[in-house]
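Notes to accompany the following structure.
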Amino acid sequence: MRSTILEIGRAAIMAVEPGAAIRSVVRKTEDGFQVGSQHYRDRDFNEILILGAGKASPKMAAELELMFGDRVRGGLVVTKDGYSTATRCVEIVQAGHPVPDDRGQRAACRLVEFARGAGENDLLFCLISGGGSALTPAPPVGISLSELQFLTDQLLRSGATIDQMNTVRKHLSVFHGGLLAKAAHPTRVVSLLVSDVVGNPVDVIASGPTVPDPTTFSNALAVLDEFDLRSSAPTSICERLEAGVRGAVSETPMQDDPIFKLVSNLMIADNARAGQAAAEAAIAAGFNSQLITSRVQGEAREVANVIAGAAIDIARNNRPVKSPGCAIFGGETTVTVRGDGRGGRSQELALAAAKILAGESNVAVFSMATDGTDGPTDACGGLVDGSTLTRAIANGGGDIVRALANNDAYNFLKSSGDLVKTGPTGTNVNDLYMAFGW
């Protein structure tokens, strides 16, 4: 059963593989190529350039190189450590994630300069995917990288959602919130996006470097206030946000800015596509299966109540699907960090689910981060069942209540043998949570 469940997870990842996603929306024609419903003629452009940021962006770049060959003059993509891939002429650089580092700052500056250097008659592909925000820190003059790192860490620990974090990031950057598109103007820009954000708001994915920004400096300050961070945030950051509220700093470009007449943004892969693929694979494996929703949000250990409850309900009551069944949920939870243990949101959900499933028969929960690296760990998540606690205790794993209190899901699941490691997948479309009952 465990190997079958892992194969279902693998099918979900393959459905949002970046190369396949590119091929589904970009195709060559007799006189040029088509991206989605938009047609581009070869004669209208001198050269094709590629920029990108995110975990899926290197594989996207490699696929475009294969498609367009020598017409691609070059480019630059920044990704997380371990997510690089072989390319012909597009340079791939690696940087820190989820806390930004100086490699990412240098890369962000180079991306902006590359965009500014593009010719009016060139075509610029921007490949944007999950992780792009942290990978491209570009603080304005007066704010240091260390100050931005400190605030990022505080927001992560506070349980802020990705939408909230990116609202702040966009107003502490010269790259995000449509500013990369502004740097490229008047070059034609085609952005292809792999979504790691619940609901797929394009302005939030990697903080929307080529997308109009509907948020304001006031919204960014409101995020700090919601988590009571204004008093602890670096003075330079608060001063910039407050200056923006007063109008002393220009807002990021909004929908009516004319630069966006030359920019198109197209979603090519998301969580729903991965969840549906998982449902189809589960059916092929003999389960009754349904994708329940791709909009799960909330504290990981609270969401675990729903996922584990679904597994028990399938086994006992044939709902929300008949036994043998698999109910699939997608989205992105948060973790309010109170301990100093090791883990990530997907592992924490699995650990909390294991507590609920303890002693139950014929149930399992698989919680997986689709990028393959959940939090600052080498695991994608955990696959737990009714015997997880028993195995952990037998192997010296200790007390699950203590592990949850210390946010130490990694070590507990390692002791029970329920930690799942896929390695970097090269894509990123949030998390998947699968509830099994039979």
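Mind checking which strands (runs of 3 or more DSSP E) fall wholly inside the range 248-340 and carry at least 3 residues that are buried (at least 16 other Cβ atoms within 10 Å of the Cβ) and not hydrophobic (A, V, I, L, M, F, W, C)?
Correct list: 288-296, 325-331.
Which condition number in (1) within 18 Å of residue 78 (Cβ to Cβ); (2) outside any loop (DSSP other than H, G, I, E, B) is the one that residue 174 fails?
Just one mismatch for residue 174, condition (2).
Would you confirm, using the coordinates I've provided, whether residue 63 is acidic (Asp, Glu), surrounded by 17 or more Cβ atoms within 10 Å (Cβ to Cβ) and at pLDDT 95 or above?
yes
This table checks each residue for (1) touching a Pro at 6+ places or on another chain (Cβ under 7 Å); (2) outside any helix (DSSP H, G or I); (3) without any contact (Cβ under 8 Å) to a residue 24 or more places away in the chain.
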| position | (1), (2), (3) |
| --- | --- |
| 373 | yes, yes, no |
| 403 | no, no, no |
| 411 | no, no, no |
| 424 | no, yes, no |
| 435 | no, yes, no |
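Going by the conditions given, is residue 425 surrounded by 21 or more Cβ atoms within 10 Å (Cβ to Cβ), over 19 Å from residue 302 (Cα atoms), assigned by TED's automatic domain parsing to the domain that holds residue 328 and touching a Lys or Arg at 6+ places or on another chain (Cβ under 9 Å)? It would help to see each step written out before you state the result.
Working: surrounded by 21 or more Cβ atoms within 10 Å (Cβ to Cβ): yes; over 19 Å from residue 302 (Cα atoms): yes; assigned by TED's automatic domain parsing to the domain that holds residue 328: yes; touching a Lys or Arg at 6+ places or on another chain (Cβ under 9 Å): yes.
Spelling it out, residue 425 is indeed surrounded by 21 or more Cβ atoms within 10 Å (Cβ to Cβ), over 19 Å from residue 302 (Cα atoms), assigned by TED's automatic domain parsing to the domain that holds residue 328 and touching a Lys or Arg at 6+ places or on another chain (Cβ under 9 Å).
For the range 383-438, what are the residues that are under 26 Å from the mean Cα position of the chain (by Cα) and β-branched (Val, Ile, Thr)?
384, 420, 422, 425, 427, 429
Inspect all residues belonging to the range 291-301 and state whether any of them is touching a helix residue (DSSP H, G or I) at 6+ places or on another chain (Cβ under 6 Å) and over 28 Å from residue 9 (Cα atoms).
Scanning the range 291-301, I find no residue that is touching a helix residue (DSSP H, G or I) at 6+ places or on another chain (Cβ under 6 Å) and over 28 Å from residue 9 (Cα atoms), so the answer is no.
Take the residues in the range 109-157 that are of a type in the set (S, T, N, Q) and touching a Phe, Trp or Tyr at 6+ places or on another chain (Cβ under 9 Å); name whichever of them is surrounded by the most Cβ atoms within 10 Å (Cβ to Cβ).
Selected residue: 136.
Scanning for something over 20 Å from residue 189 (Cβ atoms) and β-branched (Val, Ile, Thr), does the range 17-25 turn up at least one residue?
Keep residues of the range 17-25 that are over 20 Å from residue 189 (Cβ atoms), which gives 17, 19-20, 23-24.
This time we only want the ones that are β-branched (Val, Ile, Thr), so: none.
The answer is no; no qualifying residue exists.
Just to be sure I understand the filter: pairs with C-beta atoms under 8 Å, separated by 6 or more residues or on different chains, first member in the range 336-364 and farther than 24 Å from residue 154 by Cβ and modelled with pLDDT of 95 or more, second member among the charged types (D, E, K, R) and assigned to a loop (DSSP other than H, G, I, E, B). Which pairs pass?
350/418; 354/418
The values are calculated or read from the model by the stated rules, or taken from the named source; none is laboratory data. From a predicted model like this one, the values you see are computed outputs, not experimental measurements. We place every Cβ from the backbone using ideal geometry, glycine too, and count neighbours over all the protein chains shown.
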